[in-house]
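A.B. asks: Attaching a single structure in structure tokens format; questions to follow.
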Amino acid sequence: MSATATAESPSTSPGTPAEEAGLKPFNVTLLLRRYDPESGREAYWEDFDVDMYPTDRILDALHKIKWDQDGTLSFRRSCAHGICGSDAMRINGRNRLACKTLIKDLDITKPIYVEAIKGLPLEKDLIVDMEPFFAAYRAVNPFLVAGSTPEPGKERLQTIEDRERFDDTTKCILCAACTTSCPVFWTDGQYFGPAAIVNAHRFIFDSRDEGADVRLDILNDKEGVWRCRTTFNCTVACPRGIQVTKAIAEVKAAIRSGKTS
Ligand code: SF4
Ligand code: FES
């Protein structure tokens, strides 16, 4: 479960590995897209200067700003290690996880632009309403459907090759970086989006599952896989390196052929 950063969180204390290694911090300017629905004001850019080390991440910079400069800054994060998927945001125009984006990998001679992911309703600063995204995820039955029961004491067996068939799509952390980088999703929020298709793929190609036909039917919809225009934005955006466009193509092929193997 993700959390929204709070003003009470502890400030960065001296003695970080970078400080202990004798590294000197340098000044970085972040331009953050701010929005407060209660202010009546349109979203706007606000700049903040922070001292950072090359090995710090954008998430560290956001924490510094929140804890030391403006406690009202709102963003989601939880694990801080690329696992929970809660801190996807647009950094210099590209969807990334703030906790996986190192300052040293960005051009710090210019301000770093950070804004909320696109295509979902903006709630506050870097926080969007994820419900439409999760509704699409839930709609594809993202769970194992198996009517039969294994014999007592037995497991549902699967060969190594069968397991490999959907290995890539098991890596999804539901960060929404793919779906919210898709131009089709931006223009029409009805499209299921890449992440829902990836999670359908995870079970469609699982040899133990018996619900593939239903999922393929759901995705053979005018808002399903055929909306994909193969722009590869999703594949580029995925912080887990999932071949998202390939997974979508495999689901399209399964609908055409009626076969999943
Ligand atoms: S497929 Fe990749 S980008 Fe899309 S939700 Fe899953 S982890 Fe995030
Ligand atoms: S905070 Fe969990 S993925 Fe970044």
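The values are calculated or read from the model by the stated rules, or taken from the named source; none is laboratory data. Note that the structure is predicted; figures quoted are calculated from it, not measured. Every residue, glycine among them, receives a Cβ derived from its backbone with ideal geometry; neighbour counts consider all protein chains shown.
A.B. asks: Checking the condition under 13 Å from VAL114 (Cα atoms) and either modelled with pLDDT of 95 or more or within 16 Å of ligand 2 (Cβ to nearest atom) (or both), which residue from GLU46, GLU42, GLU38 passes? Reasoning before the result, please.
C.D. replies: Numbers: GLU42 fails: under 13 Å from VAL114 (Cα atoms); GLU38 fails: under 13 Å from VAL114 (Cα atoms).
Every option except GLU46 fails the conditions.
A.B. asks: Please go through the range 123-136 and give me each residue that is farther than 16 Å from ASP87 by Cβ and either touching a Phe, Trp or Tyr at 6+ places or on another chain (Cβ under 9 Å) or of a type in the set (A, V, I, L, M) (or both), ordered by number.
C.D. replies: Once the filter is applied, which keeps residues that are farther than 16 Å from ASP87 by Cβ and either touching a Phe, Trp or Tyr at 6+ places or on another chain (Cβ under 9 Å) or of a type in the set (A, V, I, L, M) (or both), the range 123-136 yields ALA135, ALA136.
A.B. asks: Out of the residues in the range 180-209 meeting the condition of being of a type in the set (Val, Ile, Thr) and buried (at least 24 other Cβ atoms within 10 Å of the Cβ), tell me which one is nearest to the chain's Cα centre (by Cα). Please lay out each step first, then the result.
C.D. replies: Going residue by residue through the range 180-209, those that are of a type in the set (Val, Ile, Thr) are 180, 184, 187, 197-198, 204.
Now restrict to residues that are buried (at least 24 other Cβ atoms within 10 Å of the Cβ): 180, 197-198, 204.
Details: THR180: 8, ILE197: 14, VAL198: 12, ILE204: 22 Å.
Top of the filtered list is THR180.
A.B. asks: Against the condition more than 16 Å from ligand 2 (Cβ to nearest atom) and either under 18 Å from the mean Cα position of the chain (by Cα) or closer than 27 Å to PRO121 by Cα (or both), how does LYS222 come out, does it pass? Show your work before the answer.
C.D. replies: On the way: more than 16 Å from ligand 2 (Cβ to nearest atom): yes; either under 18 Å from the mean Cα position of the chain (by Cα) or closer than 27 Å to PRO121 by Cα (or both): yes.
Yes; evaluated as a whole, the condition is true for this residue.
A.B. asks: Within the range 89-98, is even one residue away from ligand 1 (no atom under 16 Å from the Cβ) and assigned to a helix (DSSP H, G or I)?
C.D. replies: No, because not a single residue in the range 89-98 is away from ligand 1 (no atom under 16 Å from the Cβ) and assigned to a helix (DSSP H, G or I).
A.B. asks: I need the full set of residues from the range 186-221 which are touching a residue at least 60 places away in the same chain (Cβ under 8 Å), assigned to a helix (DSSP H, G or I) and under 24 Å from ILE83 (Cβ atoms), in order please.
C.D. replies: First pass over the range 186-221, keeping only residues touching a residue at least 60 places away in the same chain (Cβ under 8 Å): 186, 189, 193, 195-196, 199-200, 202-203, 206, 208-211, 214-215, 218-219.
From what is left, the residues that are assigned to a helix (DSSP H, G or I) are 186, 195-196, 199-200, 202-203, 214-215, 218-219.
Listed by number, the residues that qualify are ALA195, ALA196, ASN199, ALA200, ARG202, PHE203.
A.B. asks: Tell me, yes or no, whether the range 112-131 has at least one residue that is out of contact with any Ser or Thr (no Cβ under 9 Å at 6 or more places or on another chain), on the phi > 0 side of the Ramachandran plot and not assigned by TED's automatic domain parsing to the domain that holds GLY211.
C.D. replies: No: the range 112-131 contains no residue that is out of contact with any Ser or Thr (no Cβ under 9 Å at 6 or more places or on another chain), on the phi > 0 side of the Ramachandran plot and not assigned by TED's automatic domain parsing to the domain that holds GLY211.
A.B. asks: Would you confirm, using the coordinates I've provided, whether LYS259 is over 25 Å from ASP87 (Cβ atoms) and at pLDDT below 95? Reasoning before the result, please.
C.D. replies: Working: over 25 Å from ASP87 (Cβ atoms): yes; at pLDDT below 95: yes.
When the stated conditions are applied, LYS259 passes them.
A.B. asks: Checking the conditions here, which among LEU97, LEU174, LEU102, LEU157 is within 16 Å of ligand 2 (Cβ to nearest atom) and more than 16 Å from the chain's Cα centre (by Cα)? Break it down into steps so the answer makes sense when it comes.
C.D. replies: Working: LEU97 fails: more than 16 Å from the chain's Cα centre (by Cα); LEU174 fails: more than 16 Å from the chain's Cα centre (by Cα); LEU157 fails: within 16 Å of ligand 2 (Cβ to nearest atom).
Residue meeting the stated conditions: LEU102.
A.B. asks: Follow-up question, since we're still on this one. Could you check, for the range 64-87, whether at least one of its residues is within 21 Å of ALA177 (Cα to Cα), more than 13 Å from ligand 2 (Cβ to nearest atom), of a type outside the set (Val, Ile, Thr) and not in a loop (DSSP other than H, G, I, E, B)?
C.D. replies: no
A.B. asks: Something else: Go through the residues of the range 189-204 one by one and say whether even a single one is on the phi < 0 side of the Ramachandran plot, at pLDDT below 95 and within 15 Å of ligand 1 (Cβ to nearest atom). Walk me through it before giving the result.
C.D. replies: Of all residues in the range 189-204, those on the phi < 0 side of the Ramachandran plot come to 189-192, 194-204.
Checking which are at pLDDT below 95 leaves us with 189-191.
Filter once more, so that each one left must be within 15 Å of ligand 1 (Cβ to nearest atom): 191.
Within the range 189-204 (the criterion being on the phi < 0 side of the Ramachandran plot, at pLDDT below 95 and within 15 Å of ligand 1 (Cβ to nearest atom)), the answer is yes, since at least one residue qualifies.
A.B. asks: Moving on to the next point. Against the condition modelled with pLDDT of 95 or more, under 22 Å from VAL236 (Cα atoms) and either crowded, with 21+ Cβ neighbours inside 10 Å or touching a Gly at 6+ places or on another chain (Cβ under 8 Å) (or both), how does ASP87 come out, does it pass? Don't jump to the end; show me each part of the working.
C.D. replies: Numbers: modelled with pLDDT of 95 or more: yes; under 22 Å from VAL236 (Cα atoms): yes; either crowded, with 21+ Cβ neighbours inside 10 Å or touching a Gly at 6+ places or on another chain (Cβ under 8 Å) (or both): yes.
Yes: the conditions hold for ASP87.
A.B. asks: Oh, and also: Count, please, the residues in the range 222-255 that happen to be part of a loop (DSSP other than H, G, I, E, B) and on the phi < 0 side of the Ramachandran plot.
C.D. replies: Just the residues of the range 222-255 that are part of a loop (DSSP other than H, G, I, E, B), to begin with: 222-224, 228-232, 238-243.
Still in the list and also on the phi < 0 side of the Ramachandran plot: 222-224, 228-229, 231, 238-240, 242-243.
The total comes to 11.
A.B. asks: Note down all Cβ pairs under 6 Å where the first residue falls in the range 22-42 and is over 17 Å from ILE127 (Cα atoms), the second is in a loop (DSSP other than H, G, I, E, B), and they're at least six residues apart or on different chains.
C.D. replies: Filtered contacts from the range 22-42: LEU23/TYR53; PRO25/TYR53; VAL28/ILE108; THR29/PRO111.
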